[in-house]
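Below is one structure, written out as structure tokens; the observations come after it.
Any read-out appearing in this document is the output of simple, stated calculations on the displayed coordinates, not a laboratory observation. The shown structure was predicted, so the numbers you read here are calculated from the model rather than taken from an experiment. Cβ placement follows ideal geometry from the backbone for every residue including glycine, while neighbour counts extend to all protein chains displayed.
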Ligand code: S3P
């Protein structure tokens, strides 16, 4: 049995399945799951949408970076990040210190489909969310690519298949 002492960090665009895969993976491995969005919301005492409304994207990013700085990585965990966490190089550096970075990639049309019912993502509250997704997707692709230790194309995969692919790649067992 091989057990990595390091955490597994999930990155990827909104709707790429980070939260759901993170839950399943953490349950399978018996590891704790930490979610940077949840930590930011808990620290500031308000939901992400309210943080964006009151402090703007920059205020949210500051809080997100500060949360990452508090993580010591002593215990292996499944770390779920927000879709924009990789936009700051300091964050990527921190995530690398914490564990292996897995990019949950998906095709643009798949993400647009998955996000079509999303009502709570502040960055998508625009006149044309489909176009916004396209623009953000194009801008961010390279950030995910640069940050990732490895990539899983989740487009045609179930949550279970994605989770299994991560475990296979990292050879982690409970
Ligand atoms: C963001 C994605 C969100 C959340 C915030 C900003 C982004 O997380 O961190 O709304 O910049 O892509 P999810 O990727 O979990 O939706």
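Once the chain from residue 107 to residue 160 is taken as fully extended at 0.36 nm per residue, the excess over their C-alpha distance is 17.2 nm. Model label points for residue 125 and residue 42, set 7 angstrom from Cα along the Cα-to-Cβ axis, are 2.4 nm apart.
Put the Cα centre of segment 102-168 next to the Cα centre of segment 30-81 and the gap is 19 Å.
Place a label point 7 angstrom from the Cα of residue 58 along the Cα-to-Cβ direction, then list the residues of segment 122-145 whose backbone nitrogen is under 11 Å away. Inside the label zone: nothing. Computed over segment 48-166, relative contact order equals 30 percent, with contacts defined as Cα pairs under 8 Å that lie 6+ residues apart. Estimated from helical segments only, the mean residue ellipticity of the chain at 222 nm is -17000 deg cm²/dmol, where each DSSP H run of four or more residues counts as -39500 (n - 2.57). For the chain, the longest principal axis of the C-alpha atoms and the axis of helix 89-98 are separated by about 30°. Stretching residue 145 away from residue 169 to a fully extended chain increases their span by 6.9 nm, per 0.36 nm per residue minus the current alpha-carbon distance. Across the chain, Cα-Cα pairs farther apart than 24 Å form 33% of the total. In segment 72-174, the C-alpha radius of gyration followed by the widest Cα-Cα span (Dmax) gives 14.9, 46 angstrom. What the Kirkwood sum gives for segment 1-73 is a hydrodynamic radius of 13.7 Å, with every pair of different alpha carbons counted. When the alpha carbon gyration tensor of segment 126-174 is reduced to an equivalent ellipsoid, its three semi-axes come out at 29, 15, 7 angstrom, largest first. In a Gaussian network model over the chain where Cα atoms closer than 10 Å are linked, find which of 70, 151, 139 has the largest mean-square fluctuation. Result for the chain, Cα springs under 10 Å: 70 fluctuates most.
Compared with the dominant principal axis of the Cα atoms in the chain, helix 18-29 is inclined by about 20°.
Taking the alpha carbon gyration tensor of segment 34-95, multiplying each eigenvalue by 5 and rooting it gives semi-axes of 19, 13, 9 Å, largest first.
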